[in-house]
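Enquirer: Handing you this structure, nothing more for now.
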Amino acid sequence: MAIAPEREAWITGIGLVSALGEGLDAHWDALNGDREAWLKLDSTTHAPYQVHPAVALDLAKQIPDRGDRRQMEGWQRLGTYAAGLALENAGVKGQDDLLKSMHMIVAAGGGERDYAVDGQILSGLEASNEPAKFLNERLMNDLRPTLFLAQLSNLLAGNISIVHGVVGSSRTFMGEEMAGVDAVRVALGRCHASQGDIFLVGGAYSAERPDTILHFELGHMNWTRPWVPVWERPKDGGGTILGSVGAFLVIEAREHAEKRGATPIAKLSKVSSDRARRRDGDAEHSMAVQWNEISPGLIPGATIVVSGATGVSEAVAIERDILDQRRVPTRATGSVIGHSVEATFPANVALAAMMVARGEAVPPIGGSKDEARMTRKVKQAVVTSVGHWRGEGMALVEAI
Amino acid sequence: MAHMKDKHGRPVVVVTGMGVVTSLGQGKDENWAKLTAGQSGIHTITRFPIEGLRTTIAGTVDFVPFDNAPDLTTKMAALAGAEAVGEAKIGAEGKFPGPLFLGMPPVELEWPQRQDLARASGKSADITYTDILKGAAAKDFSAMQTRFLFGSVGDALADRFGTKGAPISISTACATGATAIQLAVEAIRRGETEAALVIGADGSANQESLVRFSLLSALSTRNGDPTAAARPFSKDRDGFVMAEGAGALVLESFEHATARGASILGVVEGCGEMADSFHRTRSSPDGAPIIGCIRNALDDAGVTPADVQYVNAHGTSTPENDKMEYVGLAAVFGDHLPAIAVSSNKSMIGHTLSAAGAIEAVFTLMTIRSGIIPPTINHTEADPAIKMDLVPNVARKATVTRAISNSFGFGGQNVCLVLAAEPA
């Protein structure tokens, strides 16, 4: 079958919000700063659990309508804000004609619960002689009708359409880390094949929620010991510290970007993904296959790996298998921005673009002794993703 | 000799296998017999007690035993998928030669799980999330962790069918099933794969989901006569009926299907989309995104309104949707609209939410193949503001070579598919 001629895809806009700040410059400064600059841990609010909370935002800057802000919960505000930053950065914010033909792919989980109501219902269920009837009555009376709209996975995309006017298309992918990888992969595939000229891709994750922490605690996957970089955690049982992140990318066909005079940040050359059962080394094999697809194009000594390592032992072991063999300097951003599940991969593509655009890597993250210094000029970055349970992915981001 | 490429020079995408599960039953034959007989699958809910609920009816699938919503979603998806793959006779057993595109509802812990966790904490009064977290830490809940990951449904299905690569799990609210088809069509058109398995499944009709829609006043409260509750486009429609089910389609490039001698069940000629930025749950009053979405689909297929004989409507039976869908169809089809048959499967199977787009695509293709248009039942009182041929109450024989299937959802999601009999 004939495959459509592949067009070059550029990253022309980035919106990134995390514990380290807002925008790439803030992230660059923090990652190059001292411990106080890069470790913004909240160890008290959800103790014994720790989170990397998002920096405080002036939400009105990207979500001017108060009604819109009120209709959203935290994860949606974070994502809608980051999406606005990306559009602004790409120079397309408010350009209705462009936004009408802009295609959106969002990687999302679900939204917040009403914690007080859940607690009251659980207490009542234990005391009730007719628990099912009690549940119906409480749900009918206590649920806020609009909370549903903050919980639906596709309503981050919906809010971005409403607030920013992105309406060319709107798809939401679910499935934890893998959803973030495939959102970027499918956007790139479509861009390469002329199934759209300009894309908005990303995700948002709020870690500052008991229910997200709970989900990882079901698998006893939270790191509750004193903070150390992700690579150091497996020897003590492993674990993740969740982080609130909003990360969006504007991915655009080169010719489209040039025509409108947009400045590229980096080139997005390749994204791959896979799902191994994680038996008998199949995930390690998949990562090796994906690496081998990228490696022929790598310039010796000019590559940095931007890793989405979670700190969860099994997943870290899969990733170390490939990294230890290739011996490329690695930066695991999750050590300081935390693990942001669906948003992890878009965020790391953003940070990879930052490094290749500057031609420089940030120092080992969180002072990690497992990450080699990188003094040579950085021209390429390989972004890796090994999901905490499933999903293996990779991207190649290159300097322009 | 039919063309392997469409009018835009892209690979023609055909359907070679289909499967379906709804409240009417399991499999295409049973569903089609009941659907064309105008039979409803809507009934009073028995899955959970209904005391205190405003809506007590649904189109739940009660013949598949299950533990929780992701489990039921997985099981119905597997049933529909197996029927589709079996019909397509594609690949080897457990080795499907392409990726999985799965439309499904969001996954979340349910009340039984929350109660297990609360009990594990040892507390029975004044329970907070701090206690629930203590409960989670106290015992091994790793199986629960995995089950309630969003990726777990696709993971189980990827294992079951041996699909290639990472399964894509999609949520675009009530347009989800159609979006899954659209993503697969795009992947085949760009040469990323020759075949794809598309499944839309939804088994999430539990208490809290029902209450959520109920609190938004979206559901019919015609509890006394369940089979008469879903009445799309009627003057006295009062909301949709929540339902469950699964639809599956094997999509292939025409070239791939022909080369292996597969029977062609139909063609996905075009997909159109346009998001709505007006409101989280309501359509733009001017209908522009719905109009744009349908026009995009016709353009993508390279056909005109005059080439369409049947519309498989989104037709939820809510006052708002049906009015806006009519506005959209009237604008796009204009003078042709009176000559076009429009019917809503939801009058019989209810609104199968994340599965609807896939199930209704299957039924649309069966309409084209059989020459029988399933009716819009419960049509007793016409809405004077809606002037369409709704195939009221009784199925009709008709030659349909091309149809569109609409799907619209919360969050401004609008998708339209153009489906046709055979490659041009």
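Enquirer: How many Cβ atoms of partner chains, on average, are near each residue of A:115-123 if near means within 10 Å of its Cβ?
Expert: 6
Enquirer: Determine the dipole magnitude for the protein assembly as shown: charges of +1 sit on the beta-carbon of Lys and Arg, -1 on that of Asp and Glu, nothing else is charged, the reference point is the Cα centre, and the result goes in debye to the nearest 20.
Expert: 700 debye
Enquirer: Can you list the trypsin sites (Lys or Arg not before Pro) in the stretch A:43-99 that are in a DSSP coil and have 15 or fewer other beta carbons within 10 angstrom?
Expert: Within the stretch A:43-99, no trypsin sites (Lys or Arg not before Pro) qualify (loop, at most 15 other Cβ atoms within 10 Å).
Enquirer: Roughly to the nearest percent, how much of the accessible area of chain B is carbon and sulfur, given a 1.4 Å probe?
Expert: The computed percentage sits at 52.
Enquirer: I've got another one for you. As I understand it, the dipole of chain B uses +1 on the Cβ of Lys and Arg and -1 on the Cβ of Asp and Glu, about the Cα centre. Which of B:Asn414, B:Pro226, B:Ile372 lies farthest toward its positive end?
Expert: B:Ile372
Enquirer: Take peptides B:326-339, B:170-183 and line them up by average Cβ neighbours within 10 Å, highest first, as a rough protection proxy.
Expert: Answer by packing, highest mean first, reads B:170-183, B:326-339.
Enquirer: Okay, moving on. Suppose a student asked you for the relative contact order of chain B, using Cα pairs under 8 Å spaced at least 6 residues apart; what percent would you report?
Expert: Dividing the mean separation by the residue count of chain B yields 24 percent.
Enquirer: Related question: Under the Karplus relation 6.51 cos²θ - 1.76 cosθ + 1.60, θ = phi - 60°, what is the ordered set of whole-Hz ³J(HN,Hα) values for the stretch A:180-196, x standing for Gly and Pro?
Expert: Coupling constants for the stretch A:180-196: x, 5, 5, 4, 5, 5, 5, 4, 5, x, 5, 5, 4, 9, 6, 8, x Hz.
Enquirer: Pairs A:Lys369/B:Lys139; A:Lys93/A:Lys377; B:Lys5/B:Lys164; B:Lys75/B:Lys95: which exceed 29 Å Cα-Cα?
Expert: Distance filter (> 29 Å) returns A:Lys369/B:Lys139; A:Lys93/A:Lys377.
Enquirer: Same structure, new question: Restricting to DSSP H runs of at least four residues, report the calculated mean residue ellipticity at 222 nm for the protein assembly as shown, -39500 (n - 2.57) per run over all residues, nearest 500 deg cm²/dmol.
Expert: After summing the helix terms and dividing by residue count, I get -11000 deg cm²/dmol.
Enquirer: Taking the Cα centre as origin and putting +1 on Lys and Arg beta-carbons and -1 on Asp and Glu beta-carbons, what dipole magnitude results for chain B, to the nearest 20 debye?
Expert: Roughly 100 debye for chain B.
Enquirer: Something else about it: Exceeding 18 Å between C-alpha atoms, which entries from my cross-link table qualify? They are A:Lys259/B:Lys7; B:Lys323/B:Lys346; B:Lys7/B:Lys89; B:Lys235/B:Lys323.
Expert: Cα-Cα > 18 Å for A:Lys259/B:Lys7; B:Lys7/B:Lys89; rest within.
Enquirer: Within 10 Å of each Cβ of A:389-400, how many other protein chain Cβ atoms are there on average?
Expert: That average works out to 2.
Enquirer: Another one. How large is the accessible surface per residue of chain B, computed with a 1.4 Å probe and reported in Å² as a whole number?
Expert: In whole numbers, chain B has 31 Å² accessible per residue.
Enquirer: For the peptides B:104-110, A:292-298, what is the packing order when you average, over each peptide's residues, the other Cβ atoms within 10 Å and list the highest mean first?
Expert: So the peptides B:104-110, A:292-298, ranked by packing, come out B:104-110, A:292-298.
Enquirer: Can you give the relative contact order of chain A as a percent, counting alpha carbon pairs under 8 Å and 6+ residues apart?
Expert: Computed value for chain A: 24 percent relative contact order.
Enquirer: With charges only on Cβ, +1 for K and R and -1 for D and E, what is the dipole size of the stretch B:185-310 about its Cα centre, in debye, rounded to 20?
Expert: Around 460 debye, computed over the stretch B:185-310.
Enquirer: Give me the net charge of B:Thr60's neighbourhood, meaning all other residues with Cβ under 9 Å from the Cβ of B:Thr60; Lys, Arg count +1, Asp, Glu -1.
Expert: Local charge sum for B:Thr60: -1.
Enquirer: Now a separate question. Applying the Karplus parametrisation 6.51 cos²θ - 1.76 cosθ + 1.60 with θ = phi - 60° to the phi angles of the stretch B:300-305, what ³J(HN,Hα) value in whole Hz is obtained for each residue in order, glycine and proline being reported as x?
Expert: Ordered by residue, 3J(HN,Hα) equals 4, 7, x, 10, 10, x Hz.
Enquirer: Additional query: Scan around A:Gly239 for amide H atoms under 5 Å from its own, H built in the peptide plane at 1.01 Å from N, and keep only partners 5 or more places away or cross-chain.
Expert: The list, which skips near neighbours in sequence, is A:Val312, A:Ser313.
Enquirer: Name the trypsin sites (Lys or Arg not before Pro) in the stretch B:341-422 that are in a loop by DSSP and that have at most 15 other C-beta atoms within 10 Å, would you?
Expert: Answer in residue order: B:Lys387.
Enquirer: Take chain A, connect every pair of alpha-carbon atoms lying under 10 Å apart with a spring to form a Gaussian network, then pick out the residue of A:Phe134, A:Phe216, A:Phe199 with the largest mean-square fluctuation.
Expert: So, out of A:Phe134, A:Phe216, A:Phe199, the one fluctuating most is A:Phe134.
Enquirer: Would you work out if chain A is rounded, prolate or oblate? Take a ≥ b ≥ c from the square roots of the eigenvalues of the alpha-carbon gyration tensor; rounded if a/c is under 1.5, else prolate when a/b is larger than b/c, oblate otherwise.
Expert: Oblate, because a/c is 1.5 or more while a/b does not exceed b/c.
Enquirer: Once you order the gyration tensor axes a ≥ b ≥ c over the Cα atoms, which shape class does the stretch B:336-424 get: rounded for a/c under 1.5, otherwise prolate or oblate by comparing a/b with b/c?
Expert: rounded
Enquirer: Quick one: compute the contact order of the stretch A:39-194, relative version, from alpha carbon pairs under 8 angstrom and 6+ residues apart, as a percent.
Expert: Relative contact order here is 29 percent.
Enquirer: Report ³J(HN,Hα) in whole Hz for each residue of the stretch A:247-259, in order, from the Karplus equation J = 6.51 cos²θ - 1.76 cosθ + 1.60 where θ = phi - 60°; Gly and Pro get x.
Expert: Using θ = phi - 60°, the values come out as 9, 10, 10, 9, 10, 9, 5, 3, 5, 5, 5, 5, 4 Hz.
Enquirer: When you look at the Cβ of every residue in B:97-108, what mean number of other chain Cβ atoms sits within 10 Å?
Expert: 3
Enquirer: Continuing with this model, one more query. For A:Ala332, which sequence-distant residues (separation of 5 or more, or a different chain) have an amide H within less than 5 Å of its own amide H, given hydrogens modelled in the peptide plane?
Expert: It is A:Ser307, A:Ile365, by chain and number.
Enquirer: Compute for chains A and B the buried accessible surface, both sides summed, probe 1.4 Å, and express it in Å² to the nearest 100.
Expert: It comes to approximately 7100 Å² buried between A and B.
Enquirer: Related question: Using DSSP to call loops (not H, G, I, E or B), can you name the GluC sites (Glu not before Pro) in the stretch B:1-96 whose Cβ has at most 13 other Cβ atoms within 10 angstrom?
Expert: B:Glu51, B:Glu93
Enquirer: Would you please give the residues with an amide H less than 5 Å from that of B:Arg396, counting only those at least 5 places away or on a separate chain, with H modeled from the backbone geometry?
Expert: For B:Arg396, the qualifying residues are B:Ile373.
Enquirer: Let me ask another. Just to confirm, what accessible area per residue do you get for the stretch A:257-377 at 1.4 Å probe, in whole Å²?
Expert: Value for the stretch A:257-377: 38 Å² per residue.
Enquirer: Among the residues of the stretch B:214-249, which ones have their accessible area go down by 50 Å² or more when all the protein chains sit together, as opposed to their chain alone (1.4 Å probe)?
Expert: Going by heavy-atom accessible area, the residues of the stretch B:214-249 that drop by at least 50 Å² are B:Leu215, B:Leu216.
Enquirer: So, one more: What is the percent carbon and sulfur in the accessible area of chain A, measuring with a 1.4 Å probe over the protein chains and ignoring ligands?
Expert: Answer for chain A is 46 percent, counting heavy atoms of protein chains only.
The values are calculated or read from the model by the stated rules, or taken from the named source; none is laboratory data. Note that this is a predicted model, so its numbers are computed, not measured. Reconstructed Cβ throughout: ideal geometry from the backbone, glycine too, with neighbour counts over all protein chains shown. Note: areas computed on protein heavy atoms with side chains; ligands, DNA, RNA excluded. Shrake-Rupley method; radii C 1.70, N 1.55, O 1.52, S 1.80 Å.
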